[in-house]
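Where a number appears in this text, it was derived from the coordinates with a stated rule and is not lab data. In this text, all values refer to a predicted model and were calculated from it rather than measured experimentally. Here the Cβ is made from the backbone with ideal geometry for all residues, glycine too, and neighbour counts use every protein chain on show.
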Amino acid sequence: MHDGLCITTNTPPPHAPRLVIDLRCLQDPDTATRGIGSHARRIVESAPEPFVGLFDPKFPPLPIDITGRAALLSPHAYLPDLAPGAVFLNPAPMGKNPLALARLLLDPHITKAAVVYDFIPFDDAKSYLDTPKARLEYATALAWLRRYNVFLPISAATQARLVELLGPVNAVVTGVALPGWMTDVQTAAPRHIFMAGGADARKNPDVLARAHASCATLRKIPLVISGGCNPAQEARLHAITDVTFTGAVKPADLRRLFAQAYCVVAPSYAEGFSLPVIEAMAAGTPAVVSDILAHRELVDDAALRFAPDDEASLAVILEEIVTNPARRAAVVAAQGLVLARFSAEAVSQRVWGALRPRAPAVLRGEKPELAIMTPLPPVKSGVADHSAALVAALQPLTRLRVFSQGALSPLAHLRRRSGRVLSVLGNSPHHTRAYELAVTYGSAVLCHDARLLGLVSAGGLRAAAAIAGQELKRPVAEAEILAWSADETQREASFLGEIAAAAKPLIFHSQQPANLVQARFGAAAKYLPFAIYRDAPAHITHTMRQTARQALGIEDTMKIIASFGFIAPQKGIETALHSFARMRMNSACKLVFVGEATLHVAT
């Protein structure tokens with residue numbers, strides 16, 4: 001059982017989940033394999049289950065072990081069935097597209113927790129926010145950060161800067177857990193001085209190179225720097241001293257580099273936390289650090305700290321470490337006591353202990369909120385007519401907002417006050433915007449058609465072919481889309497895949513597409529019988545029938561077969577005509593199509 005959330009993994013999951021975690025940082029190539037991804041992974045691995053994981057279909061897939069931990073994966077933040085006292089945890093709130101989370105962040109009934117790493121880009125905008133786009137994106141993320149009500153800074157230094165920028169906040173300093181691959185490291189005879197990750201200028205490898213070059217004793221010991229230094233950086237450092245660059249290395253090789261070091265040097269100008277410092281401690285190797293706030297939390301011995309630009313002081317510290325085994329052993333013993341604070345268990349307890357559930361809001365018996373995205377008359381659409389009748393029936397039962405045509409925007413999806421959102425879709429371009437919003441932000445979807453070829457192909461043949469290819473698990477050519485549009489009897493794809501993944505729930509008026517969605521996409525869809533929405537006389541008399549026939553010029557003995565709806569090739573017009581021709585040979589009858597005909601059929 002995890003303190004605070006009180007959910008055990010051996011307890012059957014409740015019907016409604018209470019925990020939501022944004023997993024996108026574990027997909028994003030900019031964060032997945034770096035410090036953010038490492039910390040996020042350890043948090044997720046210790047998360048109480050069940051939880052809903054948010055992912056981005058446009059990013060690379062989530063790691064399989066992460067997807068296996070989630071009870072449910074959602075491509076958007078439309079999660080209307082969360083349990084009371086729900087908690088949303090974002091391990092990377094300054095990441096891409098915070099707008100996608102707006103529905104959760106604006107919900108006053110959800111506890112919103114953000115892991116906070118640092119504000120280095122804000123404090124050194126010249127280096128990190130050097131374009132208007134970068135500055136705007138960071139400012140946007142910072143504005144959304146204010147919507148969280150629990151903060152999990154990774155260090156006291158980060159917490160202090162957080163308070164300076166946002167004012168007083170509810171914050172718990174968690175630290176960062178030691179990566180799993182750095183446990184149980186075997187000690188080894190020292191061979192080199194090591195710095196992990198020197199590519200970023202703020203990591204300050206130059207001061208280490210100058211200290212190494214300034215001392216004859218140090219020059220006899222190899223200096224090794226890992227990470228992706230570019231050729232210009234390597235050339236500059238080579239000009240200062242003899243240094244070996246490893247480039248990016250695998251965890252097993254990194255373990256060896258830590259274990260075989262006389263000491264690990266972290267000379268940074270700025271850090272939110274310094275993972276190489278605790279990795280050095282785990283390897284039984286002394287950590288020598290620049291005298292910045294984040295490092296003071298980890299290395300309390302001032303004799304092992306130096307000003308970031310003071311190579312002379314650094315050289316003195318390093319020389320003592322490499323020439324005095326007793327001093328080195330004493331440092332290792334003292335720093336080893338720090339490591340327990342950053343075990344996976346200790347960090348996990350601080351993270352989840354901070355997210356204690358609040359009492360759920362009291363239900364007031366008010367009408368539920370509902371927003372509907374749909375075309376309405378005078379749009380020439382049976383869906384529009386049906387929606388008009390649906391709206392009239394729902395008005396007495398709900399607090400209803402209707403968004404139609406030009407009024408469609410993400411607002412209804414993102415505002416928690418909108419309550420549930422229902423997107424009404426059909427197989428025509430009338431529904432393009434509602435479709436796009438539902439796929440991007442999520443909603444309940446009432447789909448009036450068993451295929452969406454007409455809607456999807458309106459967005460271009462290439463996009464339609466890509467969607468069909470994903471569904472059929474084979475390449476689909478644009479020519480096939482054209483052929484299917486001309487003759488839907490040849491169509492293989494339903495084009496329902498995107499909406500099946502996004503809808504919560506997906507509703508059809510026929511069992512056939514519901515079964516297809518389950519079989520082809522593994523998504524549960526609901527079958528809701530179609531309601532007759534046009535008023536008809538309670539009793540149609542014989543006189544009324546005669547009057548109608550006379551008005552249309554139809555003889556009393558003539559049998560009428562009527563088809564209602566748009567008249568288009570995909571409606572099976574040709575088959576109906578052939579069948580009618582055979583029937584006419586044996587009986588006086590007339591076939592009447594009631595509806596607007598496409599140009600192709602009319603001619």
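Hey, fewest Cβ within 10 Å first, where do SER226, SER404 land in order?
Details: SER226 22, SER404 19.
So the ranking, lowest neighbour count to highest, is SER404, SER226.
Ranked by how many other Cβ atoms sit within 10 Å of their own Cβ, fewest first, the residues VAL592, VAL265 fall in the order VAL592, VAL265.
Which of rounded, prolate, oblate describes the stretch 179-237, given a ≥ b ≥ c as roots of the alpha-carbon gyration tensor eigenvalues and a/c under 1.5 marking rounded, otherwise prolate only if a/b is larger than b/c?
Oblate, since a/c reaches 1.5 and b/c is not below a/b.
Taking 0.36 nm per residue of separation and subtracting the Cα-Cα distance, full extension of the segment from ALA463 to SER127 would add 117.2 nm.
Between ARG582 and ARG146, the distance separating the two model label sites (each 7 Å from Cα on the Cα→Cβ line) works out to 7.3 nm.
In this structure, the residue pairs whose Cα-Cα separation is over 28 Å, taken from LYS112/LYS473; LYS96/LYS380; LYS58/LYS133; LYS58/LYS126; LYS133/LYS203; LYS112/LYS526, are LYS112/LYS473; LYS96/LYS380; LYS58/LYS126; LYS112/LYS526.
Considering every alpha-carbon pair of the stretch 286-362, the percent of pairs per 10 Å bin, from zero through the bin containing the longest distance, is 16, 35, 24, 13, 7, 4, 1. Distance from the Cα centroid of the stretch 140-180 to that of the stretch 536-589 is 71 Å (rounded to whole angstrom). Full extension of the chain between GLN550 and GLU492 yields a length gain of 16.3 nm, computed as 0.36 nm times the residue separation minus the alpha carbon distance.
In the chain, a dipole from Cβ-located charges (positive for Lys and Arg, negative for Asp and Glu) runs towards its positive end, and of ALA389, PRO153, LEU422 it is ALA389 whose Cα lies farthest in that direction. Near LEU19, the amide H atoms lying under 5 Å from its own belong to VAL52, VAL87; only residues 5 or more places off or on other chains count, and H is placed 1.01 Å from N.
Could the peptides 50-56, 117-123 be put in order, highest first, of the mean number of other beta-carbon atoms found within 10 Å of their residues?
On the way: 50-56: 20.7, 117-123: 18.0.
Averaged packing, sorted descending, gives the order 50-56, 117-123.
In terms of the mean number of neighbouring beta-carbon atoms within 10 Å, the peptides 66-76, 228-238 order highest first as 66-76, 228-238.
What FRET efficiency comes out for the pair SER563/HIS109, r = Cβ-Cβ distance, R0 = 45 Å, nearest 0.05? All intermediate terms of the calculation are to be shown ahead of the outcome.
Details: r = 50 Å, r/R0 = 1.11.
It comes to 0.35.
If a spin label sat at a point 7 angstrom from the Cα of GLU45 along the line to its beta carbon, the backbone N atoms of the stretch 157-192 nearer than 13 Å would be those of 177-184. Across the stretch 19-166, the volume of the C-alpha convex hull divided among the residues equals 114 Å³ per residue.
Using unit Cβ charges (K, R positive; D, E negative) and no other charged atoms, how large, in debye to the nearest 20, is the dipole of the stretch 180-338 about its Cα centre?
On the way: 14 positive and 17 negative charges, 87 e Å.
Approximately 420 debye in magnitude.
Taking only the C-alpha atoms of the stretch 180-338, the Rg (one decimal) and the largest Cα-Cα distance, Dmax (whole number), read 14.0, 39 Å.
Extending 7 Å from the Cα toward the beta-carbon at both ALA346 and SER313 defines two label points whose distance is 2.6 nm.
Rounded to the nearest 10 degrees, the inclination of helix 542-552 to the longest alpha-carbon principal axis of the chain is 80 degrees.
Annotation: lysines with alpha-carbon distance below 21 angstrom to LYS559 (same-chain offsets under eight excluded): LYS590. Subtracting the Cα-Cα distance of GLU596 and GLU574 from their residue separation scaled by 0.36 nm leaves 6.3 nm.
Shown here for the stretch 464-498: GluC sites (Glu not before Pro) in loop regions (DSSP other than H, G, I, E, B) with at most 11 other Cβ atoms within 10 Å, namely GLU492.
Taking only the C-alpha atoms of the stretch 542-602, Rg followed by Dmax gives 13.3, 38 Å. Angle of helix 344-353 to the longest C-alpha principal axis of the chain, folded into 0 to 90 degrees and rounded to 10: 50°. The orientation-averaged projection of the convex hull spanning the C-alpha atoms of the stretch 408-464 amounts to 3.8 square nanometres.
Highest first, please rank the peptides 442-450, 176-184 by the mean number of other Cβ atoms sitting within 10 Å of their residues. Walk me through the numbers before you get to the answer.
Numbers: 442-450: 23.4, 176-184: 16.9.
For the peptides 442-450, 176-184, the packing ranking is 442-450, 176-184.
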